[in-house]
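> I have a structure I would like to understand better, so I am pasting it below and will then ask my questions one at a time.
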Amino acid sequence: MPEFFYHIKGKDENSGFGNWGWPPIFAGKVEATDRAAAKALLEEEYGRTFPTRVMAKDLASNEFLLSIKEIKANDHYTRRLFEVQTCGYCNCEFTVIEKYTINEPGGGFEFCSSECARMKRAESDFTFGNETWRDSPPVIYRITNKTTGQCYIGKTRQAFTLRWYQHFFQAKDTKFHKAIKKHPITEWTFEVIEIVSVTELPIAAVDAYLTEREAYHIAMHQSAVTGYNTQGPAEINGDLFNQEDPHAEERTPAADHADQPPPGGQVQPQPLALGEEGTPE
Ligand SMILES: [Zn+2]
């Protein structure tokens, strides 16, 4: 016998889904020979009749709206609403249909609730734009060839060890990656040279600030001139950086620096223009 998926929505003109609220007040499935028989079964079960469409002029006199459709064999989405899922955060078992009936619209198929979805996001180190920056802030790193002293400067919001891995095992066709292929991994060092404090910044300003910090270090370490960075500070950060950075004008051709090790050690963050909405520490 065919199965029919139904939901009964209550009136809610502020729902954002037209005139009817979401999630539905009741939802489930019934077996019936056809759609009309399914509707009759439901009306018997709930002890009242339901409209399946309500014209705008009749809104005032109707509190509920019934939607009903046959669950076709290939309708995996609807079938999945009834299947038991395991919450990706708290491990409890739930069905999406149960969530409708307790008025919990969040978390989709992955989480039992909006709260579990939020907690999981907060745990992740790899999600942009959430609280975890406070635990795992973005960094500027330097990868140095121990033999030649040449280096590459990069920035990442990921765990920096992941970025290290990506450089070495997801090689692209840049001068840095060509050098990586030529030298054994034991010839390289990886350092975090600045932990970039972004907690005071509005999210929209974070990317620009990271780029400024990266450009600053590329200029400091001459890594686009004598090292492996493809783009110099002005190329990645524009004229703004050149105005701000006292070292930009000191850049000289590679030959002049070939016998000098790159400058090392900690570099203090410099105040760089961010406009009025964000002020670095
Ligand atoms: Zn959960």
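Conditions (1) modelled with pLDDT of 90 or more; (2) of a type in the set (Asp, Glu), marked per residue:
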| residue | (1), (2) |
| --- | --- |
| Phe5 | yes, no |
| Lys11 | no, no |
| Trp22 | no, no |
| Val30 | yes, no |
| Lys39 | yes, no |
| Glu44 | yes, yes |
| Ala56 | no, no |
| Ser61 | no, no |
| Leu66 | yes, no |
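> Quick check on this structure: which one of Glu70, Glu63 is under 13 Å from Gly10 (Cα atoms) and of a type in the set (D, E, K, R)? Explain how you work it out, then say what you get.
Working: Glu70 fails: under 13 Å from Gly10 (Cα atoms).
None of the other options fit; the residue is Glu63.
> Report, by residue number, each residue of segment 30-48 that is surrounded by fewer than 19 Cβ atoms within 10 Å (Cβ to Cβ) and outside any loop (DSSP other than H, G, I, E, B).
If the condition is that a residue be surrounded by fewer than 19 Cβ atoms within 10 Å (Cβ to Cβ) and outside any loop (DSSP other than H, G, I, E, B), then Val30, Glu31, Arg35, Ala36, Ala37, Ala40, Leu41, Glu43, Glu44, Glu45, Tyr46 are the ones that fit.
> I'm told Ala73 meets every condition in (1) away from the ligand (no atom under 16 Å from the Cβ); (2) surrounded by 14 or more Cβ atoms within 10 Å (Cβ to Cβ); (3) not basic (Lys, Arg) except one. Can you identify the failing condition by its number?
It fails just one condition, (2).
> Look through segment 162-177, keep the residues that are over 19 Å from the mean Cα position of the chain (by Cα) and within 19 Å of Pro137 (Cα to Cα), and return whichever of them is surrounded by the fewest Cβ atoms within 10 Å (Cβ to Cβ). Steps first, answer last, please.
Initially, segment 162-177 is screened for residues over 19 Å from the mean Cα position of the chain (by Cα), giving 164-165, 167-177.
With the extra rule that they be within 19 Å of Pro137 (Cα to Cα), the set shrinks to 164-165.
Numbers: Trp164: 18, Tyr165: 12.
Filtering segment 162-177 for residues that are over 19 Å from the mean Cα position of the chain (by Cα) and within 19 Å of Pro137 (Cα to Cα), the one surrounded by the fewest Cβ atoms within 10 Å (Cβ to Cβ) comes out as Tyr165.
> Considering only segment 89-122, how many residues are crowded, with 16+ Cβ neighbours inside 10 Å and either on the phi > 0 side of the Ramachandran plot or within 7 Å of the ligand (Cβ to nearest atom) (or both)?
Of the residues in that region, 6 qualify.
> Enumerate the pairs (first residue in segment 67-82 and over 19 Å from Thr101 (Cα atoms); second residue anywhere and at pLDDT 90 or above) with beta-carbon separation below 6 Å, excluding pairs fewer than 6 apart on the same chain, so at least 6 apart or on different chains.
Glu70/Pro2; Glu70/Phe4; Ile71/Glu3; Ile71/Phe5; Ile71/Thr78
> Of all residues in segment 185-229, count the ones that are assigned to a helix (DSSP H, G or I), at pLDDT below 85 and β-branched (Val, Ile, Thr).
The qualifying residues number 2.
The values are calculated or read from the model by the stated rules, or taken from the named source; none is laboratory data. Keep in mind it's a predicted model, so treat the numbers as computed, not measured. Neighbour counts are summed over all protein chains in view; Cβ atoms, including those assigned to glycine, are modelled from backbone coordinates with ideal geometry.
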